[in-house]
Amino acid sequence: QVQLVESGGGLVQAGGSLRLSCADTGRTFGNYAAGWFRQAPGNEREFVAAISWSGGNTYYPESVKGRFTISRDNAKNTVYLQMNSLKPEDTALYYCAADRDYLRIGVRHEADYWGQGTQVTVSS
C-alpha cells in the first residue's frame, strides 16, 4: 500500500529555493510513477512535475520548466522536488502523488495515491 508523506515546505523569499520530499512509508515507491501538484486558495489543482518509476523520464509544464526539478531515490522510497528561482505565484499547498501509469500523472493529471500536502509560501 502506498502511503505518501510530504515535507520540506516553508516560507521563502522570492528568488530563493526549497526542496520538497515525498516519502512512501509503505516502501513500494519503486514500482510507481510519481508527481507533484499544487493548489492555491481559490484555484484548481495544478500539475507541477512527473517522473517515471525508474527516474528516466520527467515532464514539466511551462510554468515551472527550468526552475523546478523532480528526482527520486528508490532505495530511500523518496521523490524530491527541487524548486529554484521561486516566485510569489508559486505559493500553494504542494501535493505528492503516485500511480502505476506515468502518463496518467503527466498527461491526464490523475493518480491513485495522494499525500496530505506541504505548504510553500513565497514572499515578495
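Tabulated results
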item	result
The chain, relative contact order in percent, only Cα pairs under 8 angstrom and at least six apart counted	36
Percent carbon-and-sulfur accessible area, the chain, ignoring ligands, DNA and RNA, probe 1.4 Å	44
Rounded FRET efficiency, nearest 0.05, which uses the C-beta distance separating His109 from Leu11 and R0 of 30 Å	0.65
Value at 222 nm in deg cm²/dmol, rounded to 500, when DSSP H runs of n ≥ 4 in the chain each add -39,500 (n - 2.57)	-1000 deg cm²/dmol
Inter-probe distance in nm under a simple model that places probes 7 Å from Cα toward Cβ, at Arg100 and Arg27	2.2
Exposure ranking of Ser7, Ser52 by accessible area [1.4 Å probe, largest first]	Ser7, Ser52
Under-5 Å amide H pairs with Ala40, H placed in peptide plane, nonlocal only	Leu93
Residue-by-residue Karplus 3J(HN,Hα) for the range 78-87, coefficients 6.51, -1.76, 1.60, Hz, glycine and proline x	9, 10, 10, 9, 8, 10, 10, 6, 5, 10
Heavy-atom accessible area ranking, 1.4 Å probe, most first, across Glu6, Glu89	Glu89, Glu6
Trypsin sites (Lys or Arg not before Pro) within the range 23-64, DSSP loop, no more than 16 other Cβ atoms inside 10 Å	Arg27, Arg45
1.4 Å probe accessible area per residue over the chain, in Å²	51
Theoretical gain in end-to-end length, Gln119 to Asn43 [0.36 nm per residue, Cα-Cα removed]	25.9 nm
Interchain or long-range residues, amide H under 5 Å from Lys87's placed H	Gly15
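The values are calculated or read from the model by the stated rules, or taken from the named source; none is laboratory data. This is a predicted model, so every value here is computed, not measured. We place every Cβ from the backbone using ideal geometry, glycine too, and count neighbours over all the protein chains shown. We work out accessible area using only protein heavy atoms, side chains counted, and drop any ligands, DNA or RNA first. Shrake-Rupley method; radii C 1.70, N 1.55, O 1.52, S 1.80 Å.
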